[in-house]
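Peer 1: Before I ask anything, here is the structure I am working with.
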Amino acid sequence: MKLKKTAELEALLFASGDPLTLERAAGALFCSTEEVAQLLETLQQEYQQAGRGIELRQAAGGWQLVTKKEAAGLVRRLQEKQEVKLSNAAMETLAIVAFKQPVTKSEMEAIRGVKVDGVLSTLVELDLVGEVGRKEVIGRPILYGTTEEFLKAFGLNSLENLPQLPEEVLEGRLEEPEPLFD
């Protein structure tokens with residue numbers, strides 16, 4: 001079953017994301033720009049009459065499907081970030097980055113005693129940690145540091161608001177606990 005031209009144009013507008021020019025739409029639909037203009041007018045009227053949550057709007061030299069103003073609050077609620085629970089490994093790695101930054105992956109691994117590839121990727125993906133430069137040593141490994149998103153997530157104005165850790169913790173010189181039984 002072949003779609004009507006208005007349905008085809010609607011699909012192009014939806015998939016485009018950016019404003020779609022008459023010329024691009026005409027080229028994709030194999031028709032004239034005048035026909036596209038008529039189809040756009042038809043679609044615009046359909047959206048206005050149907051009481052829908054989206055509308056067709058002219059923007060930046062083209063046409064675009066956008067959310068109606070009345071639905072903005074609803075869309076905002078959808079886009080609000082949901083609380084992300086970090087694993088213990090992620091929290092440990094994040095703490096290392098926060099307190100030792102800038103720090104390389106191998107330095108993190110030396111402190112934790114395990115590989116941090118997966119955890120580090122997650123922290124970068126969540127935008128809690130990011131690349132801040134290269135260490136001036138052979139191989140020039142990537143240096144990592146916390147991001148502005150980290151500060152927001154933990155309610156900090158700046159890194160100076162991080163709690164002070166004892167020097168033994170930062171240098172990995174914690175005393176071994178005494179055994180409970182001899």
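Peer 1: Taking A11 and the conditions (1) over 31 Å from the mean Cα position of the chain (by Cα); (2) surrounded by fewer than 15 Cβ atoms within 10 Å (Cβ to Cβ); (3) not basic (K, R), which numbered condition does it fall short on, given that it satisfies the others?
Peer 2: So A11 meets the others, but not (1).
Peer 1: On to the next question. Can you tell me which residues in region 133-165 are of a type in the set (D, E) and outside any loop (DSSP other than H, G, I, E, B)?
Peer 2: Of everything in region 133-165, those that are of a type in the set (D, E) and outside any loop (DSSP other than H, G, I, E, B) turn out to be E148, E149, E160.
Peer 1: Determine if region 89-97 includes at least one residue that is out of contact with any Lys or Arg (no Cβ under 9 Å at 6 or more places or on another chain) and more than 30 Å from P163 (Cβ to Cβ).
Peer 2: No.
A short reminder: the numbers here are calculations on the coordinates, not readings from a lab. Worth saying up front: this structure is predicted, and the values here are computed from it rather than measured. Neighbour counts run over all protein chains shown; Cβ positions are idealised from the backbone, glycine included.
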